[in-house]
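Worksheet for the structure shown next.
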Amino acid sequence: MKVVLQDLTKKFPGRGKNAQQEVVAVDGFTFEIPDGKLVGLLGPSGCGKSTTLNLLCGLLKPTSGKIFFGEDDVTGLPAEKRGVGLVFQNYALYPHLTVLQNILFPLQNLRGRERPAKEEMLRRAKEAADLVQIGELLDRRPSELSGGQQQRVAIARALVKMPRVLLLDEPLSNLDARLRLQTREEIRRIQRETGITTVFVTHDQDEAMSISDIIVVMKNGVVQQIDKPQAVYDDPSNLFVAQFLGTPPIHVFNGRVEGGRLYIGNQAVLPAPGLPDQPVTAAVRPEGFALDEQGPLACNLTRVEIMGRDISVVCTHPDCENTAIRAIISAENRVDTAQPTVRFSLKPGKVFLFTADTQARLRPAQEG
Ligand code: ADP
Ligand code: MG
């Protein structure tokens with residue numbers, strides 16, 4: 001089931017002292033979630049991810065705009081008629097019910113012709129439990145389960161009604177690091193096996209990168225970029241996206257374009273053909289630095305950190321906004337830590353230019 005958001009906007013009235021100032025939580029969202037895909041909504045806390053999800057499931061009504069499931073306009077449809085499965089950060093299981101009763105609950109709530117026969121309910125509940133691999137835990141109560149198991153029960157409960165769309169709001173946030181990894185792979189597997197169109201909300205870029213077919217990066221209720229995970233990293237549309245993705249974070253330099261070349265300080269560090277002279281922001285990925293004794297970028301060497309396969313050259317530069325530069329290079333390299341200065345050349349594919357004022361991407365002409 002393809003899902004379409006058409007110029008979707010949600011405003012909340014201001015409260016208390018700021019009563020005049022309404023919050024635009026979701027501002028003119030227009031995009032399509034292709035049938036059977038997993039879309040990651042990624043952005044910092046407060047950027048409107050949960051609001052978007054609540055609009056999709058019908059818990060909130062949009063201020064303007066439309067939502068389509070397939071060809072159906074569902075904008076005015078109440079939540080229970082939309083056929084969505086919901087999973088939240090806190091598993092919200094009924095503590096007094098067993099796992100099986102929890103999973104059965106949405107089916108038992110159905111009325112009239114929609115309500116399956118008892119045996120059919122049981123069959124579907126067990127099928128959902130098997131899918132999330134908790135088939136042996138059906139008689140336990142939530143308090144007798146680990147966090148990861150509780151979240152699986154919540155996913156089974158969302159799947160049992162065979163939803164047209166599955167919506168997950170930071171479902172892994174309450175799990176410890178190892179379980180988080182394991183459960184996100186599980187969710188990916190379940191999504192592939194069922195082919196249910198899924199929206200996965202997270203503020204964690206690693207999580208979004210690893211699980212999504214498509215990532216929607218958001219900031220202050222505005223979509224910044226919609227792309228495949230690798231493209232969001234390799235080809236960010238603005239400085240916010242470039243900074244939001246990647247660990248260690250991207251390095252931001254104040255530079256300028258002059259005569260078709262990028263300058264940082266007094267040094268021309270890269271060609272920038274076709275761009276008019278102007279001040280620019282130049283952002284360099286940690287893997288974009290190459291040790292080069294003749295290199296144009298001279299940095300003050302702080303120390304070298306060994307990380308096994310790679311080493312991290314920690315240094316500073318007066319035109320870099322980051323307090324420390326971390327250049328990640330292969331451990332086969334040697335850096336003389338007795339020297340005060342380390343020189344780099346920059347890899348063109350790992351350097352992005354943005355206008356100094358709006359921070360929109362600038363693209364030099366292709367060479368050759
Ligand atoms: P996220 O899930 O990305 O952290 P939310 O969608 O929860 O963000 O919130 C987006 C913005 O809308 C925030 O500024 C939040 O304070 C505001 N907001 C969310 N829900 C309400 C509400 N019911 N009333 C007023 N403001 C709200
Ligand atoms: Mg949220």
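The values are calculated or read from the model by the stated rules, or taken from the named source; none is laboratory data. The structure presented is a predicted model; accordingly, all values stated were derived computationally and were not measured. Counting neighbours? That spans all protein chains shown, and the Cβs are built from the backbone with ideal geometry, glycine included.
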*Sort through PHE12, PHE68 and tell me the only one that's within 15 Å of ligand 1 (Cβ to nearest atom), surrounded by fewer than 19 Cβ atoms within 10 Å (Cβ to Cβ) and over 30 Å from SER146 (Cα atoms).*
PHE12
*Long-range neighbours under 7 Å by Cβ, at least six apart or interchain, first residue more than 15 Å from PHE105 (Cβ to Cβ) within segment 158-177, second small (Gly, Ala, Ser) and within 16 Å of ligand 2 (Cβ to nearest atom)*: ASP169/SER50
_segment 182-207: number of residues that are part of a strand (DSSP E or B) and among the hydroxyl-bearing types (Ser, Thr, Tyr)_ = 3
_Among the numbered criteria (1) under 24 Å from SER212 (Cα atoms); (2) touching a strand residue (DSSP E or B) at 6+ places or on another chain (Cβ under 9 Å); (3) among the hydroxyl-bearing types (Ser, Thr, Tyr), which one does THR75 miss?_
(1)
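Among the candidates LEU166, LEU179, LEU172, single out the residue that is in contact with an Asp or Glu (Cβ under 7 Å, 6 or more places away or on another chain) and either part of a loop (DSSP other than H, G, I, E, B) or away from ligand 1 (no atom under 16 Å from the Cβ) (or both).
After applying the criteria, what remains is LEU172.
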_On the basis of being part of a helix (DSSP H, G or I), surrounded by fewer than 20 Cβ atoms within 10 Å (Cβ to Cβ) and without any contact (Cβ under 8 Å) to a residue 60 or more places away in the chain, does ALA231 make the cut?_
yes
_Hey, PRO248 at pLDDT below 95 and out of contact with any Phe, Trp or Tyr (no Cβ under 7 Å at 6 or more places or on another chain) or not_ = yes
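Every residue, every condition in (1) in a strand (DSSP E or B); (2) within 16 Å of ligand 2 (Cβ to nearest atom); (3) not assigned by TED's automatic domain parsing to the domain that holds VAL216, yes or no:
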{"position": "ASP7", "(1), (2), (3)": "yes, no, no"}
{"position": "ALA25", "(1), (2), (3)": "yes, yes, no"}
{"position": "ARG113", "(1), (2), (3)": "no, no, no"}
{"position": "PRO116", "(1), (2), (3)": "no, no, no"}
*When only residues in segment 190-228 that are crowded, with 22+ Cβ neighbours inside 10 Å and small (Gly, Ala, Ser) count, which is farthest from ligand 1 (Cβ to nearest atom)?*
SER212
_Please go through segment 47-73 and give me each residue that is in contact (Cβ under 8 Å) with a residue 24 or more places away in the chain and within 16 Å of ligand 2 (Cβ to nearest atom), ordered by number._
CYS47, GLY48, LYS49, SER50, THR51, THR52, LEU53, LEU55, LEU56, CYS57, LEU60
